[in-house]
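The values are calculated or read from the model by the stated rules, or taken from the named source; none is laboratory data. Since the structure is predicted, the reported quantities are computational estimates derived from the model, not experimental observations. Backbone-built Cβ (ideal geometry, glycine too); neighbour counts: all protein chains shown.
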Amino acid sequence: MTRLLLAATVSLLAVTSAQAQVTQEDIANDATTTGDVVTNGMGQTLQRYSPLDTLNRDNVRNLVPAWAFSLGGEKQRGQETQPLVYDGIMYITGSYSRMYAIDIKTGQELWQYDARLPEGILPCCDVVNRGAAIYGDMVIFGTLDARLVALDRKTGDVIWNKEIADYRAGYSYTAAPLIVNGLVITGNSGGEFGIVGEVQARDVETGEIVWTRPTIEGNMGTLNGEPSTMTGTLNATWPGDMWKTGGGATWLGGSYDAETDTLIFGAGNPSPWNSHLRNAGTPTEGNAGDNLYAASRIGIDPATGEIKWHFQTTPREGWDYDGVNEVVAYTDREGNGRLATADRNGFFYILDRQDGHFLRATPFVQDISWASGIDDTGRPIYNEENRPGAPTAAAEGEKGETVFAVPSFLGGKNWMPMSFSQRTGNFYVPSNEWGMDIWNEPVTYREGAAYLGSGFTIKPIFEDHIGALKAIDPDTGEIKWEYHNDAPLWGGVMTTAGGLVFFGTPEGEFKALDDETGETLWSFQTGSGIVGQPITWEQDGEQYVTVVSGWGGAVPLWGGEVANRVNYLNQGGMVWTFRLPKELASAG
Ligand code: CA
Ligand code: CA
């Protein structure tokens, strides 16, 4: 009898192990299941909050390294990935479109996949990747040549490999894909090359396209291989044929709010940057120069790709204030469903969770110059004199008037994700306080060439800091505390029920702050700048924390005077996994 039972148990275990498959339910529940991390954002709403409190303010000083893993390669570049953890394996993506599977207990590599990138890829802002998606037996990620690759998660073998768009026209891909109801959903990158932003949904099993939704008015969507509906109304807010090269790249990916069954994607800058070429340079009646739906958040029906709602953060955009920043669904202290987003333009917005309508906005960085505020409808109150001037039409190649604008085009906040703490009800926003000289120039569209019509130099505005991690009360917009950092912050934030705020700095420190006071409780030098996104999970009754270290991203490439200020920082590429040993969990 005993032997029979034992045999039955063993075979059951074997079956379970062979069939460990990530389901839609696993993805839907990710935020509350503490033994795995199967979504970008540690949950579909991207709160990046863990209910784990084994590791907490009293014992975080006992957090110690468990293992480290080198990404190798000759070219160490920005490591912006968020790791995934499932079934004893950690999946991370690396610079130059690489993917690694690592044994979670030992830190040893199980397999590595290197995409063969063609000559002539056009990534605007470093050769980064921000993470993968996992579903069934597959782990899926996008590559810099604008392809989407599904790999067998046990072997790294390619299951399917599909083109998102033509890299030769300036398209690329860096975001973590989303999995929703058996579809894998992606955006695209290339907003500095006059591409057209798009959201694509594919059958996750085959990689075949189910629907597409362009972000720029006048472009046609598709559903099941047929034209579906036009985005917006042709020429309502765009002059002539400019909507054909209108930008609005969906380069940061999106989120899914199961409560309203809505995909939420952001759209980047309208192209070109020079707003005078898009009729956006001078105020007009109504919204004629708004250039919809660039610099907007867009709510999309995941079944059809139809637009449910939109909210444009920067109509008449003229400073490269991409509207891509992540939208985090949350419940406020009164129990209301809300959406929060911290925009490149320096304002922190609260929208209604049901239909995305504007509720309020407050500045989250200092000295914003391009607008004096946001009005009751959600529209910026522009300082028209702070818009870079029109080039003189008569003189080919002549610059328009230069202005000094705050924030810089790299934003009050760029791609690096914020966190919402269910414990405090506050958001923790990685921001930067800097400005730029910006001017406009003439430009004409040429496929595969930069399409800006602007020049710029980023400059610090304060002596003592550029980076500022801010704890923001979303009910009032009040900044409860802030942590200043010399270099610009460029990595993600995570909060926990243990009262901790984790994030890393370009100077290499991986830090845990007190979520109520901002006091530094723990810090570890990782050897290179951190621009990655931390995660936490539990295993064998112990809490683990991982972050990938490796300096890079847009700042060293585009940062102007700021790039010079931080050019001493060394590149790298290491996964650091930390553990709170059981015997030290209760120690103060
Ligand atoms: Ca989970
Ligand atoms: Ca942009």
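Only residues that are buried (at least 18 other Cβ atoms within 10 Å of the Cβ) and at positive phi were counted across the range 65-123, and they come to 2. For the structure I just gave you, tell me whether Lys399 is assigned to a loop (DSSP other than H, G, I, E, B), out of contact with any helix residue (DSSP H, G or I) (no Cβ under 9 Å at 6 or more places or on another chain) and modelled with pLDDT of 95 or more. No, not satisfied. Just checking, does the range 60-68 include any residue being within 22 Å of Leu252 (Cβ to Cβ) and either among the small types (Gly, Ala, Ser) or in a strand (DSSP E or B) (or both)? Scanning the range 60-68 turns up no residue that is within 22 Å of Leu252 (Cβ to Cβ) and either among the small types (Gly, Ala, Ser) or in a strand (DSSP E or B) (or both).
Put simply, of Pro407, Pro417 the only residue that is more than 16 Å from ligand 2 (Cβ to nearest atom), crowded, with 20+ Cβ neighbours inside 10 Å, touching a residue at least 60 places away in the same chain (Cβ under 8 Å) and assigned to a loop (DSSP other than H, G, I, E, B) is Pro417.
Of all residues in the range 176-202, exactly one satisfies the criterion of being more than 13 Å from ligand 2 (Cβ to nearest atom), over 15 Å from the mean Cα position of the chain (by Cα), of a type in the set (Gly, Ala, Ser) and surrounded by 24 or more Cβ atoms within 10 Å (Cβ to Cβ), namely Ala201.
The C-beta contact set for the range 264-278 (first residue within 11 Å of ligand 2 (Cβ to nearest atom), second residue in a strand (DSSP E or B) and among the hydroxyl-bearing types (Ser, Thr, Tyr), distance under 6 angstrom, 6+ apart or interchain) comprises Ala267/Ser296; Trp273/Ser454.
Can we say Gly389 is closer than 27 Å to Ser454 by Cα and of a type in the set (Gly, Ala, Ser)? So Gly389 fits the description; yes. Taken as a whole, the structure places Val139 among residues that are assigned to a strand (DSSP E or B), modelled with pLDDT of 95 or more and surrounded by 24 or more Cβ atoms within 10 Å (Cβ to Cβ). Listed here are the helices (runs of 4 or more DSSP H) enclosed by the range 510-588 that have at least 3 residues being in contact (Cβ under 8 Å) with a residue 40 or more places away in the chain and crowded, with 19+ Cβ neighbours inside 10 Å: 554-558.
Residues are listed down the side, and each one gets a yes or a no for (1) free of Cβ contacts under 8 Å to residues at least 12 places away in the same chain; (2) away from ligand 1 (no atom under 11 Å from the Cβ); (3) not small (Gly, Ala, Ser):
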{"residue": "Asp30", "(1), (2), (3)": "no, no, yes"}
{"residue": "Arg48", "(1), (2), (3)": "no, yes, yes"}
{"residue": "Asn59", "(1), (2), (3)": "no, yes, yes"}
{"residue": "Ala68", "(1), (2), (3)": "no, yes, no"}
{"residue": "Glu80", "(1), (2), (3)": "no, yes, yes"}
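Of the strands (runs of 3 or more DSSP E) lying entirely inside the range 177-231, those carrying at least 3 residues that are away from ligand 1 (no atom under 16 Å from the Cβ) are 183-186, 198-203, 209-214, 220-223, 226-230. Tallying residues that are crowded, with 19+ Cβ neighbours inside 10 Å and polar (S, T, N, Q) within the range 455-475 yields 0.
Just checking, does the range 364-379 include any residue being within 22 Å of Ser421 (Cα to Cα) and surrounded by 19 or more Cβ atoms within 10 Å (Cβ to Cβ)? Yes.
Any residue that is in contact with a helix residue (DSSP H, G or I) (Cβ under 7 Å, 6 or more places away or on another chain) and surrounded by 19 or more Cβ atoms within 10 Å (Cβ to Cβ) - is there at least one of those in the range 476-484?
No, the conditions are met nowhere in the range 476-484.
Filtered by the rule that a residue be away from ligand 2 (no atom under 16 Å from the Cβ) and surrounded by 14 or more Cβ atoms within 10 Å (Cβ to Cβ), the range 245-260 gives Gly254, Ser255, Tyr256, Asp257, Ala258, Thr260. Among residues belonging to the range 8-50 that are at pLDDT 95 or above and surrounded by fewer than 14 Cβ atoms within 10 Å (Cβ to Cβ), point out the one that is farthest from ligand 2 (Cβ to nearest atom). If we take residues in the range 8-50 being at pLDDT 95 or above and surrounded by fewer than 14 Cβ atoms within 10 Å (Cβ to Cβ), then Gly35 is farthest from ligand 2 (Cβ to nearest atom).
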